[in-house]
Structures are given as C-alpha cells and as structure tokens.
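A.B. asks: Pasting a structure below so you can have a look.
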Amino acid sequence: MTLAVIPLLFVLAGLVFYIVLAGADFGAAIWQVTAPRTPDGERLRDLAHDAMAPVWEANHVWLIFVLTVTWTAYPAAFGSLASTLAIALSVAAFGIIVRGAAYALSSGTADPREVRRIDQASAISSVLAPFALGACVGALASGRVPYGNARGDLWSSWLNPTSITVGVLAVVFSAYLAAVYLSADAVRRGRDDLVEPFRRRALGSGTLAGVLAIAGLVVLRQDAHALYHDLVFGDGLPALIVSVLAGAITLTLVARRRFEPARYTAAVAVTAIVAGWALAQQPQFLPGLTIEQAAAPRDTLWAIIVAVVGGGIILFPSLALLLRLTLGGTLGHGHHVDGPATDEEDRPAPARPLLPLNAALAGRVAVACLVVGLGLLTAAETGWAHAVGVVALFAFVVSGFLAAVPPLLAADADEPDAETT
C-alpha cells in the first residue's frame, strides 16, 4: 500500500460512518413522517425524535471529514467532482440544512398546521439528501465525472440509471438502518408497544433493500459494465459476499427479535458495500486519473495523516463516550414518554471507567507527556526528537481525556435531577 492510498482509506472510513450514523437519522425522519396521525403514530414519532436527540448533529461530522480530507489529499479530483456535481451536491446540502432546521423547530412547535408543514419539510429533505449523495457516488462509480473543471454534464452526470439506482438504494438503506436501530431503542427503553411496528418496518425495508441491490447489479451490468465485472468477478467479490451474508444475518436477527446484534451486522453490510465499490474501482479515481496521479505531494499527505491521527485521538473517544452514554440510557435519563417515572427509574447507572487507569495517575501521566512533548518540539532540533514530541503530545491528549472523564461522569451521576429538587 502506497502513501497516496492512506488518505483514501480515511475517506472511505468516514463515508462508512456517515452512512451508518447520519443515514439512520435520515431514515428515522422518514419513519416519523410516514407514521399515521394516531396516538400510536405519535408514539412512534416521539421515540424516533428522542432516539436521535443526543447524536443527530454530531453524525454530520463525518461528512465534513470526508470533504476536508478529499480536497486536501486529492485536490484536482475534488475540483472535478465539485464542479461537475455542483447541482447534486447543492441539493444534498439543501436537504441536510432543511432537515436540521426542521428537527430543531419540531420540538418547539405545537400548532397542528405548523407541525404538518415541518413534517413535510423534514420528509422531503430526508429523501433529497441521501438520494443526492447516493447519486454523486453513482456518478463517480459509473465514470461520469471526467478529470477537469466542470468537464462533465451538470445533469446527466448524476441523473442516469446507475446514479438513480444508487440514490434510491441510499434512501431505502437509511430507512432500513433506522428501523433496525429504533427496534433496539424501543427494547432498551422498555417500549414493548413500539417494538413490533419498527420490527415490521425493518423487515419490509430490509427486504426491499435486498431486491433493489440485486436490481442494481443488473443496472450496473448494462450501464457500467467495467465496474460490474470487477465487483462480481474481480477484487470486489469478497466484499460483495460479505455484504450479502451480513444483510441476510441482519434480517434473520430482526425476525428473531435479536435487535442489538442486528445493529452491528447491518453496519457490517454497509461497510462491505463501500469496500466492494472501492476494491472494484481501484486504482482508478476518475476516468483517466489514478489514485497516485490525483494525490497531493508527499509532504501534504504526511501532514494529513498526522492531522487525522491526532484529531482521531480526540474525536473517537469523545464520540465513543457519546454513543456509550446514549445506548446505555444515561443521556436524557430524566425524560420519559409515558409520564414521570420513579426515583429508581430516574437514577442513572453508575459510570464505568473507559480503561482500567486511575484518574489521578492518568493526570500525572498527562502532565509528564505535555512537558516532554513541548520540550522536545521547542528545544530539540533532530527529526527523531520532533517525532517523539508529537507522540508525547498525542499521549497527553489521551491520558488527559482519561483523567478528566471519570470525575465528570461521577459528578453527573451524583447531581440530583433538576425536576426532583
């Protein structure tokens, strides 16, 4: 593996996280607006809204990450993509903005007419955003984005059989992921009355996604034969097999009401689809432009790798903590859909340490790493000393995080609920 490929692996990883997390947010909005205007439908909408509340905004970090790394590591290719797919990307951005605004406004709206309008805006944007982003992927996969500034057609590049198929698949996959996740959330929150409705939606949308995926292979065979051949008979075949198996296992788990493991197998299915596309298309980035040719100079690539690794040391523990608190029911523990709960129900679970490291010891390690890192970077002149200094600063971030989080969690657990004081 060459240096030019490493930033692309970061981009693909960010794309997977965005599909798995933000895609589920779009899908949850689809289930919200399609729920019937009945008391049961209101409970479905409330659960979807509450489940998204702690994470919906953080999920779009991955899209920013993908765009930033792509334009920095592969500037010429990014310019070609952004110029040819300007309309599709604008539609996706419009959908993301309207979706976020509708979600934020929905919690402060009570008038039925306003609620109806916000739901309509949320429904349209939740379909537009994943469809447009999927259409962009289809344009790239089918070779309709040539190298050069706006050299591709602004409309047919993303409104073609492959792009439309991938866009529709993105919408259905979003609804499918959301239904699987919401089934697990209903079980975790003790909402037995909502488990079966979301389970039916997961089975229905999952079956539809499987049918559309098979139809997509037929479309690829006719519209992008080279990609189809490499995906079915070439390097992408192992990932395609993994995706099919993970999808079948997910449907089986959902049918047997094993929703928690189904979360992860559904994510594996999506990851395998992205991996299969990347393996089938490599080493080509754009028609006539390989990954090596599209890459920035080596110094820039090294700077990107160091920045991503350093940022990941900060970002991943924070997001892991957020998801852990969300799935553990600690965030929003004072809110109950069915009314006030008892003191016993309101009491959050005691926090467990992220790693078996004493907070005081972690604090001392953090201070030592900070002193060593700053000292080597400012006083030393050799390259190896600077490298050690950078590693010491990264260690300072990790140990400082481990030192700060346990006391914060303990303080949160000890703080009485504002509504009960």
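The values are calculated or read from the model by the stated rules, or taken from the named source; none is laboratory data. Predicted model, so just to flag it, every value in this text is computed and none were measured. Reconstructed Cβ throughout: ideal geometry from the backbone, glycine too, with neighbour counts over all protein chains shown.
A.B. asks: Need the failing condition index for D119 against (1) of a type in the set (D, E, K, R); (2) without any contact (Cβ under 8 Å) to a residue 40 or more places away in the chain; (3) in contact with a helix residue (DSSP H, G or I) (Cβ under 7 Å, 6 or more places away or on another chain), just the number.
C.D. replies: (2)
Residues are listed down the side, and each one gets a yes or a no for (1) surrounded by fewer than 23 Cβ atoms within 10 Å (Cβ to Cβ); (2) modelled with pLDDT of 90 or more:
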site: R99; (1), (2): no, no
site: F131; (1), (2): no, yes
site: A135; (1), (2): no, yes
site: A139; (1), (2): no, yes
site: N160; (1), (2): yes, yes
site: F198; (1), (2): no, yes
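A.B. asks: In addition: Exactly one of (1) free of Cβ contacts under 8 Å to residues at least 60 places away in the same chain; (2) not in a helix (DSSP H, G or I) is unmet by G138. Its number?
C.D. replies: Of the numbered conditions (1) free of Cβ contacts under 8 Å to residues at least 60 places away in the same chain; (2) not in a helix (DSSP H, G or I), the odd one out for G138 is (2).
A.B. asks: What residue, of T271, T252, T300, is exposed (fewer than 14 other Cβ atoms within 10 Å of the Cβ) and either in a helix (DSSP H, G or I) or of a type in the set (D, E) (or both)? Outline the logic, then answer.
C.D. replies: Details: T271 fails: exposed (fewer than 14 other Cβ atoms within 10 Å of the Cβ); T300 fails: exposed (fewer than 14 other Cβ atoms within 10 Å of the Cβ).
Unique residue meeting the criteria: T252.
A.B. asks: Only residues that are of a type in the set (V, I, T) and assigned to a helix (DSSP H, G or I): list them for region 283-297, please.
C.D. replies: Residue satisfying the conditions is I291 alone.
A.B. asks: Follow-up. Quick one: how many residues across region 186-229 are more than 18 Å from T165 (Cβ to Cβ), without any contact (Cβ under 8 Å) to a residue 40 or more places away in the chain and assigned to a helix (DSSP H, G or I)?
C.D. replies: Applying the first criterion (more than 18 Å from T165 (Cβ to Cβ)) to region 186-229 yields 186-204.
With without any contact (Cβ under 8 Å) to a residue 40 or more places away in the chain added as a condition, the list becomes 190, 192, 196, 200, 204.
Checking which are assigned to a helix (DSSP H, G or I) leaves us with 192, 196, 200, 204.
Total satisfying the criteria: 4.
A.B. asks: Inspect all residues belonging to region 315-330 and state whether any of them is assigned to a helix (DSSP H, G or I), at pLDDT below 75 and touching a helix residue (DSSP H, G or I) at 6+ places or on another chain (Cβ under 6 Å).
C.D. replies: no
A.B. asks: Let me ask something else about it. From the list V388, V371, V405, which one is surrounded by 14 or more Cβ atoms within 10 Å (Cβ to Cβ) and either within 23 Å of W302 (Cα to Cα) or at pLDDT 80 or above (or both)?
C.D. replies: Values: V371 fails: surrounded by 14 or more Cβ atoms within 10 Å (Cβ to Cβ); V405 fails: either within 23 Å of W302 (Cα to Cα) or at pLDDT 80 or above (or both).
On inspection, the qualifying residue turns out to be V388.
A.B. asks: Now for a different question. Exactly one condition in (1) modelled with pLDDT of 90 or more; (2) closer than 19 Å to G23 by Cβ is not met by V219; state its number.
C.D. replies: (2)
A.B. asks: Can I ask one more? Given G138, G134, G95, which one is more than 24 Å from V211 (Cα to Cα) and under 21 Å from the mean Cα position of the chain (by Cα)? Please lay out each step first, then the result.
C.D. replies: On the way: G138 fails: more than 24 Å from V211 (Cα to Cα); G134 fails: more than 24 Å from V211 (Cα to Cα).
None of the other options fit; the residue is G95.
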